[in-house]
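Heads up, the thing below is written out as structure tokens.
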Amino acid sequence: MSDDSTPHKHTTDAIIIGAGPVGLFAVFELGLNDIKCHLVDILDRPGGQCAELYPEKPIYDIPAVPVCTGTELTEKLLEQINPFHPVFHFGQMAEKLEKAGDGWRLTTDAGTIIEGKIVIVAAGGGSFVPKRPPIKGIEAYEGKSVFYAVRKMEQFRDKKIVIAGGGDSALDWVINLQPIAKHITLVHRRDDFRAAPDSVLKMRSLVAEGVMDLKIANLASVEGENGQISAVMLQEDSKHPPHALACDNLLAFYGLTMKLGPVANFGINLHENLIPVNTADFETSVPGIFAIGDINTYPGKMKLILSGFHEGALMAKKAFTIVHPDRRYRFQYTTSSSDLQTKLGVTDAAE
């Protein structure tokens, strides 16, 4: 595995747009079929939304793994694909895609050019940015004392934290950070929450126990200097002026704004900003371009990491016929194929 951010030309078998869990697992499935991969991702690290937004949030629906964090899942996937030596191009957006002979030429916004025989769009919902609170000047505090994601819980130990929002992310972090924070105040515009009922019940229990506060109010403004917030101003109703609530950090979870970005200009048929695919091999309307994970749509689609893994496996089978047209596809089990075990750097446990 390598990270090549130098803008120049590369040639490979498969170009994967998106280095989230589904894109990473696609490297494994393609690697089993002797297909080399380059990955492009707008983020500065692998893992996609799991690593960017939920690095320490528990994930419970990965088969045979009762619980893991987004960071742990990413690390295990990287370990799994390491034998296939994928090349990553981080901090770059896939800007232009065009035909190049019997394959494709992808150009990023950094000027990197990658040519490959197939393209796999595994970009989740596209490029995503957090929705900012409608507060003038909040940009000056972002990344210093105002955050839209939690990457390291320890950063908030013994801090007075205001968490704003009423969805799953807001309540999940109220519950997870409450044991280590000095104090937590949850702020939401109404006493009704979109989060899982169990999370709402746990939050209300913490409030009843007096170990955290709940404020039904809107964020009016923030106070502080040099990027360090000192208080948020809360507007509880129109009859009274805003009042200050002292804090060290503001965590705002107002959701994400999804942008399909340049992928929308790749000549692929779209439906409500998603890419329709067939369920035999997850190819799009354009031969040689596939879409797996949350970016695609088909009857019965479920937006689960598990579903994306399944899609990647079937995609790789069709990809083999394009990348290696002169070779016969031969399905092999990793548990019994000495050839695959050699690729993976393991030996048959039965020997």
Taking Cα pairs under 8 Å and at least six residues apart, what relative contact order does the chain come out at, in percent? 19 percent
Spin-label point model (7 Å from Cα, Cβ direction): what's the residue 45 to residue 59 distance in nm? 1.4 nm
Taking only DSSP H segments of four or more residues, each worth -39500 (n - 2.57), what value at 222 nm results for the chain once the sum is divided by all its residues, to the nearest 500 deg cm²/dmol? -6500 deg cm²/dmol
Each label sits 7 Å from Cα toward the beta-carbon; between residue 310 and residue 98 the label points are separated, in nm, by 3.9 nm
Compute the label zone of residue 69 within the range 139-157: residues whose backbone N is under 16 Å from the point 7 Å along Cα-to-Cβ. 149-157
Report, to the nearest 10°, how far helix 168-177 tilts away from the longest principal axis of the Cα atoms in the chain, using its own Cα long axis and a range of 0 to 90°. 70 degrees
Among 269, 226, 176: highest mean-square fluctuation, GNM of the chain, C-alpha pairs under 10 Å: 226
Nearest 10, in degrees from 0 to 90: the angle of helix 305-323 to the longest Cα principal axis of the chain is 30 degrees
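Greater than 27 Å separation of Cα atoms is the criterion. Which listed pairs, 99/303; 136/159; 9/144; 57/239; 215/301; 36/131, meet it? Intermediate values should be presented prior to the final figure.
Details: 99/303 30 Å; 136/159 24 Å; 9/144 37 Å; 57/239 39 Å; 215/301 38 Å; 36/131 37 Å.
Checking Cα-Cα distances, 99/303; 9/144; 57/239; 215/301; 36/131 exceed 27 Å.
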Size-normalised alpha-carbon gyration radius of the range 148-292, reference 2.2 N^0.38 Å: 1.40
Using amide H atoms built 1.01 Å from N in the peptide plane, name the residues 5+ places from residue 160, or on other chains, whose amide H lies under 5 Å from its own. 182, 183, 248, 249
Gaussian network model of the chain, Cα within-10 Å springs - most flexible of 42, 289, 59: 59
Most fluctuating of 37, 50, 68 in the GNM of the chain (C-alpha, under 10 Å) is 68
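Assuming R0 = 45 Å, what is the FRET efficiency of residue 87 and residue 182, from their Cβ-Cβ distance, to the nearest 0.05?
Working: r = 44 Å, r/R0 = 0.99.
The value I calculate is 0.50.
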For the range 91-160, average projected area of the Cα convex hull in nm²: 7.6 nm²
Along the Cα→Cβ direction, 7 angstrom out, place labels at residue 113 and residue 11. What is the inter-label distance in nm? 1.3 nm
For a distance above 11 Å, tell me the whole-number percent of Cα pairs in the range 161-204 that qualify. 60 percent
Using only Cα atoms, what Kirkwood radius does the range 44-103 have, in angstroms? 13.7 Å
Taking Cα atoms only, helix 70-81 is inclined relative to the longest principal axis of the chain by an angle, in degrees rounded to 10, of 10 degrees
What are the ³J(HN,Hα) couplings of the range 91-106, residue after residue, when phi is run through the Karplus curve with 6.51, -1.76, 1.60 and θ = phi - 60°? Round to Hz, x for glycine and proline. x, 9, 9, 5, 9, 9, 10, 9, 5, 9, x, 9, x, 9, 10, 9
Across the chain, what fraction of all alpha-carbon pairs, as a whole percent, falls in each successive 10 Å bin from zero upward? 5, 22, 28, 21, 15, 7, 1, 0
Would you pull out the residues with amide H under 5 Å of residue 39's amide H, same chain only if 5 or more places away, H placed 1.01 Å from N? 16, 87, 88, 89
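Taken together, the values in this text are just the output of simple stated rules run on the coordinates, not laboratory data. The shown structure was predicted, so the numbers you read here are calculated from the model rather than taken from an experiment. Every residue, glycine among them, receives a Cβ derived from its backbone with ideal geometry; neighbour counts consider all protein chains shown.
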